[in-house]
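Derivation of every value follows stated rules applied to the coordinates shown; laboratory data play no part. The model shown is predicted, which means the values in this text are computed figures rather than measured ones. With ideal geometry, Cβ positions are generated from the backbone for all residues, glycine too; neighbour counts draw on all protein chains shown.
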Amino acid sequence: MPIYAYRCAACGHADEHMQKMSDASLTQCPACNTEQYEKQVTAAGFQLKGNGWYQTDFKNKSAPSN
């Protein structure tokens, strides 16, 4: 499930919420109860660790020969 960042335009309260992609956006701020809680545009962040598909299958330091 994606994690979305929200920020209130009225009081500045910011938080992250885990929601389904099909869920409606939240609008009511949990801190001040106004209807100015807005979804923020953020970059997706993830990190690949350990021995996985990236390390073993796709990480190639040399260019492919054609």
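What fraction of the Cα pairs in the range 1-44, stated in percent, has a spacing above 18 angstrom? Everything past 18 Å amounts to 21 percent.
The simple spin-label model puts a point 7 Å past each Cα toward its Cβ; for residue 40 and residue 5 those points are separated by 0.4 nm.
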